[in-house]
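For reference, the structure is listed below as structure tokens.
No lab work stands behind these numbers, since they all come straight from the coordinates. Keep in mind that what you see is a predicted model, and the values were worked out from it rather than measured. Note that each Cβ is placed from the backbone with ideal geometry, even for glycine, and that neighbours are counted across all protein chains shown.
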């Protein structure tokens, strides 16, 4: 589960900004909470803001940092520092996640000078929220004079053997690529999985590789399972799809081979899909996987049940009421396609999953969006699953739907940098119509429109 995320000097974010999923003192919607040890974490959060305010950029920062953990600093990031101050070009950008996985709280982060493609620091701490203390696991810092990285490992805390300690030191010493993180390098070795003293490194890497799912407007590849894993879930999915007045009454699977899939997809989409397949095959943590391609070009599921086994490809055929003909997924409306994608989130069975959705309401009626949020809470009851999304839909900004601490705003300050803050800081009454107060400008995060004067054609 995500606890907090902080970012600094990245795109529209200049000074350090922090987004939190720690519950406040709000007493309503207690079913939206998941208690872990001494703290209550939110299962749901919505981020509002004007166009170009930076609300999507907070997700881009999370997705960027997650990519760096799993791969490296992309060459395209040389100009992704915050361009509001000249010194930012040569200053580190910072990314830090606090999260809970496998019974432990961690803080993991790194800093990098993006313009020179240099990781400058990396750190991992174990947190103890109930005791208000933390213990460092390792700290790594770039020495600009020596041109190498100093690694400080807490051997006593990890109870490392001499061989395990040497493994970490050697992993650090032989890293000559300043774009790669130590966490990534360590998890490429089978030693990390075999050693109980190094399992925390595997757990932290697993958080980024299997728990965070980003669903952006341009996302066409998703890798989570839901209704396919049982007949009961499949029937429930069909019933729910029908309840949204889509006209769909049945869904059937159709098997394809990989060559047929290549013919059906545009070249660029198939290349992206192949890249995702290779990423999963090369991930030492994942033994079997299922990838969903869902978009205007169709719906396809590619599964490898175990390492070395052949790929199985299926698509879906849809039946509508009062029609003898079958429909392909690409023939459905944008709204219906979006409902399919979002239902995969609310029906999934991945405990600890964090689903991050940009523009949740895109192509959807407000009542459909509201119902999807309700379904998420209903179907993930008792699970440590989280849904975080951006939206412009003010009609669902209601304390009947959300807790105050679940609503966040992003706006530009007087320096034109993005800042993020929670509705909870305004201490509103429970009966306050917050959608009206928001549109009246009480909380900020609204577009500022200027009046233009146009000269007449005869002047």
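Counting other C-beta atoms within 10 Å, which of 311, 261, 73 has the fewest, and how do the rest follow? Present the calculation step by step, with values, prior to reporting the outcome.
On the way: 311 14, 261 19, 73 25.
Ranking 311, 261, 73 by Cβ neighbours within 10 Å, fewest first, gives 311, 261, 73.
Normalised by the number of residues in the chain, what is the relative contact order in percent for Cα pairs under 8 Å and 6+ residues apart? Present the calculation step by step, with values, prior to reporting the outcome.
Numbers: 801 pairs, mean separation 86.5, N = 459.
Value for the chain: 19 percent.
Can you give me the distance in nm between label points at residue 15 and residue 415, each placed 7 Å from the Cα along the Cα-to-Cβ direction?
In this crude spin-label approximation the distance works out to 0.6 nm.
Considering the alpha-carbon set of the chain alone, what are its Rg and its Dmax in angstrom?
Calculated on Cα positions, Rg and Dmax stand at 23.6, 87 Å.
From Cα pairs below 8 angstrom and at least 6 apart in sequence, can you work out the relative contact order of region 225-349, rounded to a whole percent?
Details: 161 pairs, mean separation 37.8, N = 125.
Answer for region 225-349 is 30 percent.
From largest to smallest, what semi-axes in whole angstrom does region 359-429 give when each is the square root of 5 times an eigenvalue of its alpha carbon gyration tensor? Let's see the in-between values first.
Values: eigenvalues 114, 48, 32 Å².
Those come to 24, 16, 13 Å.
Based only on other Cβ atoms within 10 Å, what is the fewest-to-most ordering of 31, 303?
31, 303
Assuming 0.36 nm per residue, please report the length gained on full extension of the stretch residue 51 to residue 174 beyond their Cα-Cα distance. Let's see the in-between values first.
Numbers: separation 123, 0.36 × 123 = 44.28 nm, distance 4.50 nm.
Additional length available on full extension: 39.8 nm.
Would you mind listing how long region 225-349 runs along its three principal axes, going by Cα atoms, in whole Å with the largest first?
Per principal axis, max minus min of the Cα coordinates gives 46, 31, 22 Å.
I want to check the label-to-label distance for residue 75 and residue 260. Put each point 7 Å from Cα in the C-beta direction and report it in nm to one decimal.
3.9
May I ask you to sort 21, 193, 80 by Cβ crowding, counting other Cβ atoms within 10 Å and putting the fewest first? Mind dumping the intermediate values first?
Working: 21 25, 193 13, 80 18.
Ascending Cβ contact count within 10 Å gives the list 193, 80, 21.
Can you give me the Cα centroid spacing of region 77-94 and region 270-330 in angstrom?
Centre-to-centre (Cα) distance: 39 Å.
Can you compute the FRET efficiency between residue 25 and residue 132 using 1/(1 + (r/R0)^6), with r the Cβ-Cβ distance and R0 = 22 Å? Round to the nearest 0.05.
On the way: r = 18 Å, r/R0 = 0.82.
With a Förster radius of 22 Å, E is 0.75.
Give me Rg over Rh for region 1-148, both radii from the alpha carbons and Rh done the Kirkwood way, two decimal places.
1.00
For every helix of n ≥ 4 consecutive DSSP H residues, a contribution of -39,500 (n - 2.57) applies; sum these over the chain, divide by its total residues, and give [θ] at 222 nm rounded to the nearest 500 deg cm²/dmol.
Values: 12 runs with 118 residues, N = 459.
Counting only the DSSP helices, I get -7500 deg cm²/dmol.
Work out how much length residue 440 to residue 297 would gain on full extension: take 0.36 nm times their residue separation and subtract the Cα-Cα distance, in nm to one decimal.
Extra length available between residue 440 and residue 297 comes to 47.4 nm.
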